[in-house]
Structure formats: C-alpha cells, structure tokens
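Below is one structure, written out as structure tokens; the observations come after it.
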Ligand code: PMP
C-alpha cells in the first residue's frame with residue numbers, strides 16, 4: 001500500500017495510523033498511488049452516491065469550467081444556481097420553496113439555525129432555545145457542535161453556544177422521546193433539529209418513522225419550528241429521496257449537502273417554507289437574513305448538482321437503491337451471524353452491527369484495528385467505536401460488497417484471535 005509520511009501534526013482524524021495516498025476514484029473504488037484498489041464501503045464519509053468520478057457528473061463539471069469558475073453570490077446569480085434551485089423545488093415536497101445556498105453540511109445547518117432564530121427575532125417574540133436529540137451530530141463548526149450531543153467531538157469546547165435542550169433518543173415505541181418533547185415544547189423553544197430516522201456519527205442509531213412523525217406533530221401543535229438535517233440521509237440513503245418522506249413529514253427547514261452533487265463537489269442548501277422566508281424578506285435591513293461566504297453556490301459545484309438532479313429524473317436511481325438494499329440485507333444477515341454481533345439493523349442502503357468488545361463505546365479499540373485491517377486488505381471502513389457499518393455508493397457490485405463482508409469477517413477474527 002502506498003503511504004504518505006505524516007507531515008502535519010494535526011493530520012485529520014488519522015487515529016494515529018499510516019495515511020494511504022489516493023490517486024484516483026473509479027465507481028465504488030479508490031485507486032491508490034501504487035495502483036492498488038480499495039473498495040469504498042462508506043462512500044467517503046457518506047458523500048458519494050453515484051460512485052467516484054461518475055462520467056455524467058464529471059462531464060458537467062468539465063463543461064462548466066469552460067464558462068465560469070467562481071462568482072460572488074451576494075446579490076448576483078448564475079444559471080447553474082437557478083437550475084439547482086428550480087430542480088430541487090420540483091423534487092421536494094410542495095411547501096419547501098425557498099432555497100439558500102452554502103458549501104458544506106455544517107454550514108447549511110448553521111444557516112438553518114440562524115433562520116430559525118431570525119424567524120423568532122423578527123416576530124418580535126424572540127425565542128432562543130434549540131431542542132436536540134441525544135446522540136445527534138450536525139457538524140463540526142462551533143454552532144453545529146453546540147447542537148450535537150456527542151461528548152468526544154465537542155467536550156473540549158464547552159460551554160459552546162445556544163440555550164440547548166436535549167430530548168432522549170427513542171426507546172421502543174418512542175414514548176420517552178415524545179413525552180420529553182411535549183414538556184420541552186411548553187417552554188417555547190425556537191426549534192427542534194433532528195437527523196431523521198438515522199443518527200449517523202452518533203453510532204448509526206435508527207428509530208422508526210412513526211416516532212419522527214410524532215415528533216413533527218408535537219412541534220407543529222406547539223408552533224416550534226422543525227428542522228430536518230438530511231445531510232446524510234438525503235438523496236436516497238434510507239430508501240426514499242428524503243428520510244422524512246417515510247414519516248409523511250414536511251419540515252419547516254430542510255438541510256441537504258453530501259449527495260446533492262452526487263458527492264462530487266462541496267455544495268449545500270437549506271430549504272425553507274414560505275413563512276421562514278417571509279419573516280426575513282423586508283425593506284428593513286435589520287430583518288434581512290445575513291449569511292454569505294466566498295464559495296456559496298460555486299458555479300462548478302452547482303453544475304455538478306444540476307447533473308445529479310437530472311440523473312435522479314432520468315435514470316432508475318431508486319431501482320438501484322432498492323437492489324443495493326437487498327444486497328445489503330444479505331451482507332447484514334452474514335455479519336449478524338458473526339461472534340459478538342449485536343443489534344443488526346438496516347435502513348434502506350445503510351447497515352450497522354455493534355460488536356461486543358471489552359471496551360465498548362466510541363473510543364473502542366475495534367475502530368482503529370478494523371480500519372487498519374480493512375485498509376491493508378483493500379477496503380475503506382470507518383467503524384464508529386464498536387459499531388461497524390457499511391454505507392457504499394449505489395453502484396457497488398455484488399462481488400465488491402461480498403468482499404467487504406469477507407474483510408470485516410477476517411478483521412474481526414484477527415482481533416478476537418489476538419485478544
Ligand atoms: N449533519 C449530518 C447529519 C452529518 O452527518 C454531517 C457530516 N457527517 C454534517 C451535518 C456535516 O457535514 P459536513 O461534514 O459537510 O460539514
């Protein structure tokens with residue numbers, strides 16, 4: 001395996017392991033500098049939907065580079081951005097009409113939080129509290145860490161921001177969550193932010209659509225804004241375009257990133273219902289919504305998103321997702337039979353299994369062990385503590401997925417053998 005020297009003391013999230021150097025992407029695989037092939041079993045952190053270097057998306061990017069690379073988006077516009085906005089509004093539930101651009105999952109969540117707080121400030125009855133679900137993750141900026149509930153990511157930066165209220169993760173029928181949410185809503189919070197159906201970085205924890213629907217209903221009854229962070233779950237991951245669809249929920253504010261460009265370029269959107277927009281649309285400059293950064297709605301990233309939306313319209317993407325779901329179920333059944341397997345679960349194209357280890361939790365030694373073993377055997381895996389999950393690009397072949405299973409099995413056996 002080709003490796004880069006560790007030349008930077010803050011090399012990102014390397015877990016102290018040697019760092020592979022990637023030269024190219026090819027569908028569900030990465031090709032390293034030495035020519036070896038690595039199956040990307042986690043879609044490079046849940047980003048790549050149609051596979052690396054998808055020919056349609058790459059062609060759209062190349063075509064856009066001939067026209068316009070980058071332009072200010074504050075008070076200016078361009079065709080690719082308008083096409084993204086129009087294409088999205090046509091695909092999303094009818095009430096989601098106002099598209100605000102940014103450039104990463106974290107920034108689109110920041111935007112959503114600012115929109116929610118700005119909405120209440122502009123009503124003349126400011127509300128400050130943001131409700132969050134236990135074990136949630138919404139990004140790594142200070143604002144998004146503040147509404148995240150994962151000590152290992154954010155504990156060092158306490159006290160962080162906002163007046164935050166935490167509701168518990170649903171057990172069984174979710175009545176614990178709903179009762180806590182009812183009580184919390186009586187204190188007039190500004191908004192609830194949730195990852196619909198799947199809490200990703202918190203450990204691939206799943207909860208049923210009925211609980212999501214019940215949470216949205218409580219928020220609606222109390223007039224609390226409902227923010228859906230579909231940065232990971234959006235664009236088919238859970239088996240539907242949006243996870244919210246499975247619960248019949250239309251959020252007041254929706255966050256999308258990752259799969260928006262098929263995972264090829266950094267772009268994100270926050271899509272709001274009309275009242276959120278109306279609260280900010282004014283000749284009074286103090287009421288306006290201020291959020292802009294240099295690369296907001298970058299035209300090349302927008303061109304990639306336009307092509308992704310066209311693929312969703314023109315290709316049998318949903319059939320691919322359903323086929324992958326079936327293959328993932330077969331892999332899950334196999335992993336569930338391994339020694340120490342607990343809580344095997346699948347939501348659409350995502351599978352996860354916890355493995356009993358002496359040191360459970362996020363800092364379990366299983367994660368660096370399996371990550372290194374898999375890398376040395378041609379698979380990119382990224383366990384969350386003792387939770388092993390597989391979340392591949394939709395184009396992964398049955399053979400590659402079976403190979404992922406072989407490597408997980410051998411990696412766990414090697415660890416158990418060494419213990
Ligand atoms: N929200 C969720 C649910 C996520 O999973 C992530 C990233 N894993 C983010 C927000 C942040 O996205 P980004 O890494 O693009 O900032």
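The values are calculated or read from the model by the stated rules, or taken from the named source; none is laboratory data. Quick caveat: nothing in here was measured; it's all calculated off a predicted structure. When we count neighbours, we look across all protein chains shown, and the Cβ atoms used for this are built from the backbone with ideal geometry, even at glycine.
The table that follows gives values for the structure above.
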| item | result |
| --- | --- |
| Members of segment 24-58 found to be free of Cβ contacts under 8 Å to residues at least 40 places away in the same chain and over 21 Å from the mean Cα position of the chain (by Cα), listed by number | 24, 26, 31, 32, 33, 34, 35, 55 |
| Test: residue 380 is surrounded by 21 or more Cβ atoms within 10 Å (Cβ to Cβ) and within 16 Å of residue 400 (Cα to Cα) | yes |
| Residues within segment 380-402 that are in contact (Cβ under 8 Å) with a residue 60 or more places away in the chain and closer than 19 Å to residue 321 by Cα, tallied | 13 |
| Check on residue 324, assigned to a helix (DSSP H, G or I), touching a strand residue (DSSP E or B) at 6+ places or on another chain (Cβ under 7 Å) and buried (at least 19 other Cβ atoms within 10 Å of the Cβ) | no |
| Residue in segment 250-269 that is modelled with pLDDT of 95 or more, part of a loop (DSSP other than H, G, I, E, B), surrounded by 14 or more Cβ atoms within 10 Å (Cβ to Cβ) and more than 16 Å from the ligand (Cβ to nearest atom) present | yes |
| Matching residues in segment 182-219 - criterion: being under 24 Å from the mean Cα position of the chain (by Cα) and farther than 19 Å from residue 138 by Cα | 208, 209, 210, 211, 213, 214, 217, 219 |
| Enumeration of residues in segment 109-123 that are closer than 15 Å to residue 273 by Cα and touching a strand residue (DSSP E or B) at 6+ places or on another chain (Cβ under 7 Å) | 111, 112, 113, 115, 116, 119 |
| From the options 235, 226, residue that is touching a helix residue (DSSP H, G or I) at 6+ places or on another chain (Cβ under 7 Å), in a strand (DSSP E or B), at pLDDT 95 or above and within 16 Å of the ligand (Cβ to nearest atom) | 226 |
| Within segment 122-145, considering residues that are more than 10 Å from the ligand (Cβ to nearest atom) and assigned to a loop (DSSP other than H, G, I, E, B), the one nearest to residue 286 (Cα to Cα) | 124 |
| Residue 181 vs. criteria in a helix (DSSP H, G or I) and surrounded by 14 or more Cβ atoms within 10 Å (Cβ to Cβ) | yes |
